[in-house]
1. Has segment 175-191 got any residue that is of a type in the set (Asp, Glu) and out of contact with any strand residue (DSSP E or B) (no Cβ under 8 Å at 6 or more places or on another chain)?
2. Do you know which of the residues in segment 13-44 that are open to solvent by 30 Å² or more (accessible area, probe 1.4 Å), within 18 Å of THR99 (Cβ to Cβ) and among the charged types (D, E, K, R) is farthest from the chain's Cα centre (by Cα)?
3. What are the pairs, 6+ residues apart or on separate chains, where a residue within segment 248-261 that is within 13 Å of LEU155 (Cβ to Cβ) and at pLDDT 95 or above has its Cβ under 8 Å from a residue that is of a type in the set (D, E, K, R) and outside any strand (DSSP E or B)?
4. Of ASN244, ASN219, which residue is closer than 30 Å to ARG76 by Cα, open to solvent by 10 Å² or more (accessible area, probe 1.4 Å) and at pLDDT 95 or above?
5. Here are some conditions: (1) assigned to a loop (DSSP other than H, G, I, E, B); (2) hydroxyl-bearing (Ser, Thr, Tyr); (3) open to solvent by less than 10 Å² (accessible area, probe 1.4 Å). SER210 meets all but one. Which one does it not meet?
6. In segment 9-44, what residues are assigned to a strand (DSSP E or B) and among the hydroxyl-bearing types (Ser, Thr, Tyr)?
7. Of all residues in segment 45-60, which are surrounded by fewer than 19 Cβ atoms within 10 Å (Cβ to Cβ) and either hydroxyl-bearing (Ser, Thr, Tyr) or outside any strand (DSSP E or B) (or both)?
8. I'd like the full set of residues that are free of Cβ contacts under 8 Å to residues at least 60 places away in the same chain, open to solvent by 30 Å² or more (accessible area, probe 1.4 Å) and farther than 15 Å from LEU224 by Cα, limited to segment 154-202.
Amino acid sequence: MSRLLVRSQQPDDQGCVLKITPESAGWRFVGFEVYKLQPGQVLNQASGDEEVCLVLISGIATVRAQDQVFEHIGKRMSVFERIPPYAVYVPAQAEYQVTAETEIEIGVCKAPAKGTMPVRLIKPENVPAMNRGQGTNERYIHNILMGENPAESLLITEVYTPNGHWSSYPPHKHDSDNLPQESYLEETYYHKVNPPQGFAFQRVYTDDRSIDETLSVHNNEVVLVPGGYHPVGAPHGYDLYYLNVMAGPSRDWKFHNDPDHEWILQPK
C-alpha cells in the first residue's frame, strides 16, 4: 500500500479509528485523528503544544474545554446532509473532554501553537459555505477554519464533490515557502463515499515526478499530501466528501496551479 494512503482501523478503547502524527506522516506540522464514540462514551485529552480544532463530523455531543461548556452541539447525522458542522477550537496547553450523546464521529485536527487564542465554539452559521467551479468541476465548500475564522496555524475546510465531478482541480500545489506567490502547507484528505462501498481517485504528483501516485481511495481513508499537486475525481454514482486539514510555517493558503492544466479556468 502507498505510504500516502492511511486506512481506518477498528475503534480502540478510546474510540480512535485513525491517527496521523507529524512523525508518522514524515512531516512537521499537521496532526489528524478520528474518533467514533458510542452514546455516553467520553474522550479526555490535552492539547499540549498544539492547537486543536474538534470537528463534529456527525452526531451530537457535549464538549468541555478549559472553563467553557458547549452542550448538545451537533446537527447533522451524516456528512451527506451537506450542512455545515459544529466545531470547537481549543488552544495549546488546554484540557478538553468530549461526551457523546448519540453515536458520534469527531475529527481532531492539530498543529503547533503557543496558546494565544481562547476556546470558542464555531457554529454552522459561522462557517462560510460556497460553490466553486463549473460544470463537472463544480463542488461545494464549507470553510470551517480558513482565513475568515482565526487560528494560529490550522486551516480546515470540507468539500463535497458530486458523482462524476472533479475537485482540487485544476491541479494545484502549496509546497513552496515563497510568499506572497505560494505558501508551504502540509495537508490531509479524510474521504467519505456515498454509498459507502464506492471509491474515488486522487493523484499526488510533483513537477519533477519524485512523487507521482494515483490512489484508489475508499470510505474513511486518508490521503497524505506532503507536497505536489493533488486533484480528486468522484466516479459516476458515488458522491464524495473530504475533510482537509492544512498547516505550515505561516497561516496563508496561497497555491500554484499546474500550468499544463490552468487553461480550463479560462472563460468560455
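1. For segment 175-191, residues of a type in the set (Asp, Glu) and out of contact with any strand residue (DSSP E or B) (no Cβ under 8 Å at 6 or more places or on another chain): absent.
2. Selected residue: ASP13.
3. Pairs found: ARG251/GLU152.
4. Values: ASN244 fails: open to solvent by 10 Å² or more (accessible area, probe 1.4 Å).
None of the others qualify; the one that does is ASN219.
5. (3)
6. So the first thing to find is which residues in segment 9-44 are assigned to a strand (DSSP E or B), and the list is 16-20, 31-37, 42-44.
Listed by number, the list holds a single entry, TYR35.
7. GLY48, ASP49 - these are the residues of segment 45-60 that are surrounded by fewer than 19 Cβ atoms within 10 Å (Cβ to Cβ) and either hydroxyl-bearing (Ser, Thr, Tyr) or outside any strand (DSSP E or B) (or both).
8. Selection gives ASN178, PRO195, PRO196, GLN197, PHE199.
The values are calculated or read from the model by the stated rules, or taken from the named source; none is laboratory data. Just so it is clear, the model here is predicted, and its values are computed rather than measured. Ideal geometry is used to build each Cβ from the backbone, glycine not excepted, and the neighbour counts take in all protein chains shown. Ligands, DNA and RNA are stripped out before the accessible areas are found, and what is left, the full protein with its side chains, is counted by its heavy atoms. Shrake-Rupley method; radii C 1.70, N 1.55, O 1.52, S 1.80 Å.
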